[in-house]
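The values are calculated or read from the model by the stated rules, or taken from the named source; none is laboratory data. As the structure is a computational prediction, the values presented were derived from the model and not from experiment. Cβ placement follows ideal geometry from the backbone for every residue including glycine, while neighbour counts extend to all protein chains displayed.
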Amino acid sequence: MAEDSAAPPVEMPPELAAPAKAAGWPEDLVLELLQNGASPADLMRYMSMGVTELQVRQFIGAQGEGGGPAGPQLTLAWMNVPTEWGIHAKPTKHGLTLDAINIGKYGDVPDVWEYHSEMPRGAVPVAGVESMGYTVYEKQELWADNAAQLYEEAIQRRWRPATDIDWASIQPLPDDLERAICQICTHLSEKAQLEADVLAGWEPELSYGYHEIKLYLSTVIFEGARHAEVFRKRALSNGGGLGLQSTGWGFRSVTDARNFTEMVLIQMVVQDSFTLGQYQFGEAYAPSAAEKRIFRLAMQDKARHIAYGIAHLKYVLLHKAERRGELEHYLDKGEAMLVADDKDVATREAFAILLAGSSEKIQQGLEMYGMMRTHQVRQYLGRLRWATIEREEKLNPTLRSYIQTPEEAPA
């Protein structure tokens, strides 16, 4: 008589009864899984993770396609996909960069990305893959030709606030100067954290067809966190502490942006242009070498943020000229909120004390603050000019006043 080769029936282990009931797994499902070789420990773990009965049954069904309990039959069909075979990306003097691997079809960046999943550009799509909910699919809405180079530079020039700043070298300062620096650091830390938060919210909206942009913006998020960290550490490292919160008008203009390009123009063209000017004057007038280094390192990061924003602005103008009026409207909004923020008395007076060296010279410091504003406005206009926007006549009147001669100023 032939032996019965069927596996003996299994019983419900006592230790699985309560967890299965809590997870909503019926006994017959547990027994089927055990019969097919699952271990009680694994089932216990899946139950604790919140895996549902439906998910388990879907997985069982997928495993059964083409092969029964042992899984699908081997076909190696995936080896026959029509990708571009024989690619040999060559390292450059800077290594194997993103630009170096953009060869053949892998370097073709479409004007519209039609896939809603995480499929990498150049891969072969699989039918039925669920959408990931991305909302930005047009190249003109996010592209900048320099994004890949900016990513490589950001990765290569990373720095660490904890160890790359000689914190022990910072000497005690007069109370007024220490309070001024702490107020400035509070302001800059807050601005940096907002930029990181806003970009982190947009990153999941950008489709995978433009991975250069997603990769570069991930470094901007990290750098925002790093700037928030380094300025907070400076405020707490020399006997001072955090100062007053910012008024937040400029923050609101960024968080209220309704599309990605609007956010980029307000944050990375308007706001970051003026923040870089603050960093430059901070570096020039900082009282110690360690503080100068903080501002210098932050400057190189911030310059990249602006480089992306301006390059994106220029790309849109060159490829969607009909959007020029819309983009200038975004600049109007960003400048108006920037001017509203300039009424933040605490930050203005703190910069005046830093620039003059003491509160006794604050009137001189306020004049130097005006010089900083003039420098910021001129740099901002120069960047817009590179992007093909002549902005001076349309510039917010308060900002324009910083670059007018006495003869040009309104009576």
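For GLY241, only one of the following conditions fails: (1) closer than 30 Å to ASP332 by Cβ; (2) touching a residue at least 24 places away in the same chain (Cβ under 8 Å). What is its number?
Among (1) closer than 30 Å to ASP332 by Cβ; (2) touching a residue at least 24 places away in the same chain (Cβ under 8 Å), GLY241 violates only (1).
One line per residue, one yes/no per condition, for (1) among the basic types (Lys, Arg); (2) surrounded by fewer than 17 Cβ atoms within 10 Å (Cβ to Cβ); (3) not assigned by TED's automatic domain parsing to the domain that holds ASP341:
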site	(1), (2), (3)
ILE181	no, no, no
LYS191	yes, no, no
GLU195	no, no, no
LEU199	no, no, no
PRO204	no, yes, no
ILE221	no, no, no
GLU229	no, yes, no
ARG232	yes, no, no
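If I filter the range 272-282 for residues that are closer than 20 Å to PRO174 by Cβ and in a helix (DSSP H, G or I), do I get at least one hit? I'd like the intermediate steps shown before the answer.
Taking the range 272-282 first, the residues closer than 20 Å to PRO174 by Cβ are 281-282.
Those still in the list that are in a helix (DSSP H, G or I) too: 281-282.
For the range 272-282, residues closer than 20 Å to PRO174 by Cβ and in a helix (DSSP H, G or I): present.
Every residue in the range 56-73 that is at pLDDT 70 or above and either charged (D, E, K, R) or farther than 16 Å from LEU31 by Cα (or both), please. If you could, list the steps in order and put the result at the bottom.
Taking the range 56-73 as the starting set, the residues that turn out to be at pLDDT 70 or above are 56-57.
Listed by number, the list holds a single entry, ARG57.
Listed residues ALA340, ALA352; which is assigned to a helix (DSSP H, G or I), modelled with pLDDT under 95, farther than 20 Å from PHE260 by Cα and small (Gly, Ala, Ser)? Write out each step before concluding.
On the way: ALA352 fails: modelled with pLDDT under 95.
Exactly one of ALA340, ALA352 is assigned to a helix (DSSP H, G or I), modelled with pLDDT under 95, farther than 20 Å from PHE260 by Cα and small (Gly, Ala, Ser), namely ALA340.
Could you tell me which of the residues ALA200, ALA225 is over 30 Å from MET368 (Cβ atoms) and either aromatic (Phe, Trp, Tyr) or without any contact (Cβ under 8 Å) to a residue 24 or more places away in the chain (or both)?
Working: ALA225 fails: either aromatic (Phe, Trp, Tyr) or without any contact (Cβ under 8 Å) to a residue 24 or more places away in the chain (or both).
None of the others qualify; the one that does is ALA200.
Which number in (1) more than 43 Å from the chain's Cα centre (by Cα); (2) at pLDDT 80 or above; (3) not acidic (Asp, Glu) marks the one condition that ILE103 misses?
(1)
Looking at LEU318, LEU265, can you tell me which residue is at pLDDT 95 or above, assigned to a helix (DSSP H, G or I), hydrophobic (A, V, I, L, M, F, W, C) and touching a Phe, Trp or Tyr at 6+ places or on another chain (Cβ under 7 Å)? Don't jump to the end; show me each part of the working.
On the way: LEU318 fails: touching a Phe, Trp or Tyr at 6+ places or on another chain (Cβ under 7 Å).
Going through LEU318, LEU265 in turn, the sole match is LEU265.
Out of the residues in the range 265-312 that are farther than 22 Å from ARG323 by Cβ and among the aromatic types (Phe, Trp, Tyr), which is surrounded by the fewest Cβ atoms within 10 Å (Cβ to Cβ)? Step through it out loud before you land on a result.
In the first step, residues of the range 265-312 are kept if they are farther than 22 Å from ARG323 by Cβ; the result is 274-304.
Right, trim to among the aromatic types (Phe, Trp, Tyr) and you get 274, 279, 281, 285, 295.
Details: PHE274: 23, TYR279: 22, PHE281: 21, TYR285: 18, PHE295: 22.
Checked the range 265-312; the qualifying residue surrounded by the fewest Cβ atoms within 10 Å (Cβ to Cβ) is TYR285.
Of SER218, SER253, which residue is at pLDDT below 95, of a type in the set (Ser, Thr, Tyr) and part of a helix (DSSP H, G or I)? Let's see the steps before the verdict.
Details: SER218 fails: at pLDDT below 95.
From the options SER218, SER253, the qualifying one is SER253.
Given the criteria surrounded by fewer than 18 Cβ atoms within 10 Å (Cβ to Cβ) and in contact with a helix residue (DSSP H, G or I) (Cβ under 6 Å, 6 or more places away or on another chain), does THR135 qualify? Even if it seems obvious, please write down each step before you answer.
Numbers: surrounded by fewer than 18 Cβ atoms within 10 Å (Cβ to Cβ): yes; in contact with a helix residue (DSSP H, G or I) (Cβ under 6 Å, 6 or more places away or on another chain): yes.
Spelling it out, THR135 is indeed surrounded by fewer than 18 Cβ atoms within 10 Å (Cβ to Cβ) and in contact with a helix residue (DSSP H, G or I) (Cβ under 6 Å, 6 or more places away or on another chain).
Within 28 Å of the chain's Cα centre (by Cα), buried (at least 19 other Cβ atoms within 10 Å of the Cβ) and either assigned to a loop (DSSP other than H, G, I, E, B) or assigned by TED's automatic domain parsing to the domain that holds TYR151 (or both) - does that describe any residue in the range 357-374?
Looking through the range 357-374, at least one residue is within 28 Å of the chain's Cα centre (by Cα), buried (at least 19 other Cβ atoms within 10 Å of the Cβ) and either assigned to a loop (DSSP other than H, G, I, E, B) or assigned by TED's automatic domain parsing to the domain that holds TYR151 (or both).
Those residues that are over 18 Å from ALA154 (Cβ atoms) and assigned to a helix (DSSP H, G or I), I need them from the range 202-215; list them, please.
Initially, the range 202-215 is screened for residues over 18 Å from ALA154 (Cβ atoms), giving 204-205, 207-209.
Listed by number, the residues that qualify are PRO204, GLU205, TYR208, GLY209.
Can you find even one residue in the range 263-274 that is over 26 Å from THR388 (Cβ atoms) and touching a residue at least 60 places away in the same chain (Cβ under 8 Å)?
Going residue by residue through the range 263-274, those that are over 26 Å from THR388 (Cβ atoms) are none.
For the range 263-274, residues over 26 Å from THR388 (Cβ atoms) and touching a residue at least 60 places away in the same chain (Cβ under 8 Å): absent.
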